[in-house]
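The values are calculated or read from the model by the stated rules, or taken from the named source; none is laboratory data. Not measured: the values here are computed from a predicted model. Ideal geometry is used to build each Cβ from the backbone, glycine not excepted, and the neighbour counts take in all protein chains shown. Side chains are part of the model used for accessible areas, which takes the heavy atoms of the whole protein and leaves out ligands, DNA and RNA. Shrake-Rupley method; radii C 1.70, N 1.55, O 1.52, S 1.80 Å.
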Amino acid sequence: MSNTEHLCMGCMKDRGDAPFCPHCGFDAAAVQPFPGLPLGSMLQDRYVVGKILRQNGEGFEYLGYDTVMASTVTVREYLPQNLASRGEDGLSVSVIDGCEISFGEYKAEFLSYYRSVARMRELNVLLPIYDIFEENGAAYTISEWVESITLREFITRSGGSIEWSVARPLFMPVLSAMSAMHSGGVQHLGLSPDNLVIVREGKMKLTGFCIRAVRQADTDLAPELYSGCAAIEQYVMDYETTESTDVYGFTACLFYALTGVLPKDALQRRTDGRLLIPTAIMRKIPPHVVTALANGLRVTPEKRTPTFERLRAELSAAPTITAVIREVEAPQREIPQKHAKKKSGLPNAAIWAISCVLALIVFTVVGLLWLSHEDQKNSSVSSNSSSSTGLVSSTESRLDESEAVSEDAESEEIVVPELRNENFEALRAEAQQTGEYQLSMSAEEFSDTIAEGSIISQTPASGERMKRGGMIVVTVSRGPENR
C-alpha cells in the first residue's frame, strides 16, 4: 500500500474513509499512549509505526508497515524507561541525567544481541529480523510479522491441555532451534506460553527476544520474568545463566502444554521442588516424557538437564527393558510342565534347578543390558505418582565420568564446515562417527537447483566458530516441486 493515508494503525489494512476500521474496529482518532511513538510516525522514511503490541524494561514493540515491501512488520524500539524518556518533539529519546553510561552500554548490547539473532534467520521457528538501525537517539529492529495466537490461547482452545502426540511435532523444532541458538552464543531466557506462538500453518514460532538485563532481577532495567518459566538463576545473582536456564523455560512450557498448568514459581520451589500432575493426566503422558520433565525442571542448575541435546535424548528414549523381560518370560510361562518332562526326561528337582539357573542367567544379562543402556543416556530420574494427587517428585541426576569427558570435549571450538550441496544422511552418519559436530534437520523445502536429500542452508554458517560437538541445523532439499 503506497498511500498510507487510509492505513489502519491497528491492523495495517486499508480502512478507507471509515472512522473505525472495518477489519479490526480500531479508532482512526486514537492516540498512542505516552511515551510510545505517535501513531503514524515514520522511521528511515520507510516504516510506519502503528499501535503498541507490548512493552517491557527494554522498550516498546509496535505493529508496523514497510512501505517499500508493502507488508506488515514488527518494530522493536530500545527505550528503557528506567533510563530515558520521550523528548518534547514526540520522537527523540531524552536520557535521564546520570544514566548516560548505562543507557549507552545497554543500547550497544541491544544492537549486538539482535544482530546475533538476525544471523539465525535460517531457523524456521524464528521470525526473521531484516533491518537494524539507530534513529532519534534510540535503536530499532524490523522483523517479519505473522498472524498467530499464543501457546497459552492455543492450549485454552484445545480444552486445557494436549497429548504428547500433539505436543511433540510442535515443540521438537523449537528444541532444535534452541540448541542451534546456544551453539551460536544466543540465549533467550524468556521462554513462556506467551512468547511461543502458533501460526496459521499449525507450526510453533519463537518470539519475545530481549537483552539479558531484562531477563534477570537486580539490574538497571525493569525485569520481565515469567513466573513458573523463569529459572532460579534469573532471580538469584549467585548463579550464571546458561543453556540449562533456557532448558528450564522450555520444559516448563512443555509441562504447561501437557498438563494445563505451569510449575510453581522457582523461588517457591527452592523449599519444595515437587511437581503436581493430576492422576488422569499423568496416565496419558509417556513415562520417559515424565522423566524428561522432572529432569528439565530441577530447581538447582547443577542437577538440571544441561543441554537441549540431552533433553532431546530423554524425550526420545522410550523405555524398552520391560518389553525385553516380557519377551523372555512369556515362552517359559506358556510351556506346560508335563511337556517339559517328556522332552528332558529329567526329574522335577533337576528341572527346577536348571530353570532357576537359566532364569538367573537371563535376568543377569537383561540387567547388564539395562545398566549399559542407562549409562549411555547419562541420566537418572525418579517420578512417583500419588494415588490421590498424582504427585511427581524427582531425585538427583547421576553424573558419571563419561559425562565429564563429553563436557570437556564441548569446551573446544571448531570452525563450522561448509555443508551446502552435501548429502544430509551421509554427513549425519559421518558426524556421528567423528563427534566433531551434530547435525539436525529443521525443515525440508522444494528446490530446483539442489538435489533431493542435499543441504540447502545451514546455521551456523560455514567459517563461524562453535563448540566441538555442537549442533548445526540445516534445511534439506525435497527436490523440484514439479516432476
Inspect all residues belonging to region 114-133 and state whether any of them is aromatic (Phe, Trp, Tyr) and out of contact with any helix residue (DSSP H, G or I) (no Cβ under 8 Å at 6 or more places or on another chain). yes
Here are Val48, Val117: which of them is in a strand (DSSP E or B) and open to solvent by less than 40 Å² (accessible area, probe 1.4 Å)? Val48
Answer yes or no: is there a residue in region 83-95 that is part of a loop (DSSP other than H, G, I, E, B), surrounded by 20 or more Cβ atoms within 10 Å (Cβ to Cβ), in contact (Cβ under 8 Å) with a residue 24 or more places away in the chain and touching a strand residue (DSSP E or B) at 6+ places or on another chain (Cβ under 7 Å). yes
Which fully enclosed strands (runs of 3 or more DSSP E) of region 421-470 have 3 or more residues being out of contact with any Leu (no Cβ under 8 Å at 6 or more places or on another chain)? 438-445, 465-467
Search region 132-160 for residues that are crowded, with 16+ Cβ neighbours inside 10 Å and pair each with any residue that is outside any strand (DSSP E or B) and of a type in the set (Lys, Arg) when their beta-carbon atoms are under 7 Å apart and the residues are at least 6 apart or on different chains. Ile132/Arg115; Ala139/Lys107
Which residues, taken from region 143-157, are touching a Lys or Arg at 6+ places or on another chain (Cβ under 8 Å) and in a strand (DSSP E or B)? Ser143, Ser148, Ile149
Residue, surrounded by the most Cβ atoms within 10 Å (Cβ to Cβ), within region 120-131, restricted to residues that are touching a residue at least 24 places away in the same chain (Cβ under 8 Å) and part of a strand (DSSP E or B): Leu126
Quickly run through region 456-483 and pick out the residues that are more than 18 Å from Arg119 (Cβ to Cβ) and open to solvent by less than 10 Å² (accessible area, probe 1.4 Å). Val476, Ser477, Gly479
So Thr242 clears everything in (1) more than 18 Å from Pro306 (Cβ to Cβ); (2) of a type in the set (S, T, N, Q); (3) modelled with pLDDT of 95 or more; (4) open to solvent by 10 Å² or more (accessible area, probe 1.4 Å) except one condition, right? Which one? (1)
Those residues of region 175-218 which are open to solvent by 10 Å² or more (accessible area, probe 1.4 Å), out of contact with any strand residue (DSSP E or B) (no Cβ under 9 Å at 6 or more places or on another chain) and without any contact (Cβ under 8 Å) to a residue 60 or more places away in the chain, in sequence order: Gln187, Glu201, Gly202, Gln216, Ala217, Asp218
From Gly228, Gly202, grab the single residue that is farther than 30 Å from Val474 by Cβ and not in a helix (DSSP H, G or I). Gly228
For Ala280, only one of the following conditions fails: (1) within 19 Å of the chain's Cα centre (by Cα); (2) of a type in the set (A, V, I, L, M); (3) open to solvent by 40 Å² or more (accessible area, probe 1.4 Å). What is its number? (1)
